[in-house]
Structure formats: C-alpha cells, structure tokens
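To keep things clear, I will list the structure first and then write my remarks on it.
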Amino acid sequence: MSPPSLAMRAERWMALRAHRRLLPLVGHTGIVSFSFDDAPQSACQTGAAVLEKHHCHGTWYVAGALTDKMDLGHMSHSVRDICNLRDSGHQIGCHTYSHTPCAGMSLIQLNAEFQRNDEFLEQCGVTDRPLHFSFPLGAFDLRSKLHAGRRFASCRITGGGIQTGYADLNALKTERLYDSVMSAATLQSLVCTNAEKKGWLIFYSHDVEREPSKWGCTPHLLESAVQMSLAAGCKVLPIDQAIDYWRSV
Ligand SMILES: [Zn+2]
C-alpha cells in the first residue's frame with residue numbers, strides 16, 4: 001500500500017478535529033482495553049484464552065469477508081470463532097464487510113459495507129445494536145467519520161496514544177500492541193502513565209502467535225500487558241463496557 005498523499009493526510013488531520021462526540025474521562029481509575037482487528041483465528045482462540053485466564057474480556061473487530069480466509073499470512077476467524085467469543089462474553093464489533101479503507105468512499109459504499117457486515121454479524125448471533133466500529137487500516141476522512149459516528153456507538157482509529165480528560169467516541173485513539181514495535185520498557189511506561197493519569201489506554205493488535213506477523217503479538221506480550229495493567233490498578237474492559245464505566249462516573 002502506497003503512503004498517504006499530502007492531501008489525504010491533511011484531510012485526516014481535519015477529520016480528527018471535526019465531527020467530535022466527546023466522552024468525559026473522569027473516573028477513579030485508569031482503564032485499559034484490548035482490541036483485535038480482523039479477528040485472526042489465533043486472536044480469537046489464543047488471545048481470548050490469555051484474557052480469560054485473568055478474568056478479562058476484549059473487543060474483536062470483524063470484517064465478514066475475511067471469514068475462513070487467509071489474512072496477512074495467517075488464518076482468519078471462522079463463524080464458530082465469532083460465536084465462541086460472543087458466548088464467552090467478549091465484544092464483537094464491525095470492521096466493514098470487505099475490509100476496505102473508508103477514506104474516499106461514497107455514502108452509498110459506506111452504507112453497503114456497514115449493512116452487509118451488520119447482517120453477517122447478526123447471522124453469527126451478535127444482536128447488540130448499535131455496534132461499535134474500527135476503521136480498516138485506520139483510514140478515515142470527514143465524510144466517513146461523520147457517517148460512521150452517526151451509525152455506531154463508537155469508532156476506533158489507529159494511533160494517537162493514551163486518552164485523558166475526554167475521548168472522541170467518533171475516533172477513539174489507540175496504541176499498537178505489536179512485538180515488532182513494543183518493548184517491555186515502553187509497555188510499562190504506557191501502562192503506568194495511564195494508571196497515574198486515570199486515562200483510557202486502548203491497545204490493538206492482530207494475530208496472537210508465538211511467531212507473530214509484524215502486525216501481531218506473542219501470547220507473552222499480551223499476557224504481560226494484561227498483568228501490568230491489573231498490577232497498576234487499572235480495570236481491563238472491552239470497549240463497550242469501558243464507555244459504560246466512563247458514563248457511570
Ligand atoms: Zn483491519
């Protein structure tokens with residue numbers, strides 16, 4: 001994929017600051033959320049098991065067209081994986097149907113993507129509405145941010161770091177939980193800063209394997225992040241429950 005043009009980066013810069021839906025983050029504790037884009041099979045199985053070992057839940061953003069397919073060199077989820085996550089109390093979100101970047105899409109295209117995936121997830125027994133969403137490849141513009149923000153309970157982007165003071169529900173910020181970029185020292189620093197500032201730290205990753213892709217993590221890194229978060233006094237909650245927490249306080 002070619003790097004974004006100057007015009008695309010300028011529109012993203014503007015879109016980040018426009019069409020905001022602010023959620024105050026004033027709580028008694030920091031929150032850490034773990035999310036997995038594309039829902040590779042290893043994230044659905046190994047990733048979920050790591051979270052469950054510590055009595056925690058996460059959020060998987062699913063694009064229906066990836067079901068039973070290879071994605072980034074790794075096997076993607078099956079319908080059974082989605083059902084198992086749902087039955088185990090994890091959150092399932094939308095990631096468009098065909099995993100197409102939303103920046104530059106027309107309203108008709110966006111609607112078709114959202115509707116088709118909505119129907120796919122309903123067939124998997126995911127019935128909670130409105131759904132939560134993450135932009136494929138973190139790509140959004142003014143139109144897609146506004147439109148997705150009106151449809152979904154929250155929209156997650158890529159990058160941006162820890163959120164303190166408030167979060168924009170139409171563009172929730174994240175940190176990458178990738179072995180290729182995350183050192184133990186950086187992880188510790190992020191979690192401790194989040195705990196001190198009582199912020200909301202949302203991690204995202206893809207596959208969870210002993211030899212992950214450069215967009216994934218090992219079970220060891222995921223477990224370290226969960227253990228550090230709990231040890232620092234943070235709550236570990238999926239995206240929907242985190243929003244409920246911030247609203248309740
Ligand atoms: Zn994705």
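Read the figures in this text as sums done on the coordinates, not as results from a lab. All values derive from a computational prediction rather than experimental measurement. Methodologically, a virtual Cβ is constructed for each residue, glycine included, from the backbone with ideal geometry; neighbour enumeration extends over all protein chains shown.
Compute the separation of the alpha-carbon centres of the range 173-209 and the range 1-65 and state it in Å as a whole number.
Going from one Cα centre to the other spans 12 Å.
Of all trypsin sites (Lys or Arg not before Pro) in the range 1-105, which ones are in loop regions per DSSP and have a Cβ with at most 16 other Cβ atoms within 10 Å?
Those satisfying the criteria are R20, R21, K69.
Counting other beta carbons within 10 Å of each Cβ, put M182, M8, M70 in order, fewest first.
The most exposed by this proxy come first: M70, M8, M182.
Please work out how much length the chain gains when fully extended from A112 to D87, using 0.36 nm per residue of separation minus the C-alpha to C-alpha distance, in nm with one decimal.
6.2 nm
What is the order of L25, L201, fewest Cβ neighbours within 10 Å to most?
L25, L201
Cβ under 11 Å from R129's Cβ, R129 left aside: what net charge do those residues give with Lys, Arg +1 and Asp, Glu -1?
Net charge in that neighbourhood comes out at -2.
Taking 26 Å as the cut-off for C-alpha to C-alpha distance, list the pairs among K53/K145; K173/K197; K173/K198; K173/K235; K69/K145; K145/K197 that go past it.
Beyond 26 Å between Cα atoms: K53/K145; K69/K145; K145/K197.
Taking every DSSP beta bridge that has both residues in the range 30-248, what percent is antiparallel when rounded to the nearest 5?
15 percent
Sorted by average packing, counted as other Cβ atoms within 10 angstrom per residue and highest first, what order do 134-143, 37-46 take?
37-46, 134-143
Measure off 7 Å from each Cα along the Cα-to-Cβ vector at L22 and L146, then give the distance between these two points in nanometres to one decimal.
Label-label distance for L22 and L146, simple model: 2.0 nm.
Given 0.36 nm per residue, what is the gain on full extension from L72 to S248 after removing their alpha carbon distance, in nm?
Full extension from L72 to S248 adds 59.5 nm.
Please rank I202, I108, fewest neighbouring Cβ atoms within 10 Å first, as an exposure proxy.
I108, I202
Using helices alone, I'd like the mean residue ellipticity at 222 nm for the chain: each DSSP H run of four-plus residues gives -39500 (n - 2.57), total over residue count, nearest 500.
Roughly -11000 deg cm²/dmol at 222 nm, from the helical runs in the chain.
Let me know the charge dipole size of the chain about its Cα centre in debye, to the nearest 20, where only the beta-carbon of Lys, Arg (+1) and Asp, Glu (-1) is charged.
920 debye
What FRET efficiency would be calculated for the residue pair Q123, Q45, taking the C-beta separation as r and a Förster radius of 25 Å, to the nearest 0.05?
0.75
With unit charges on the beta carbon (Lys/Arg positive, Asp/Glu negative), name the residue among G161, Q188, L131 whose Cα is farthest towards the positive pole of the charge dipole of the range 117-208.
G161
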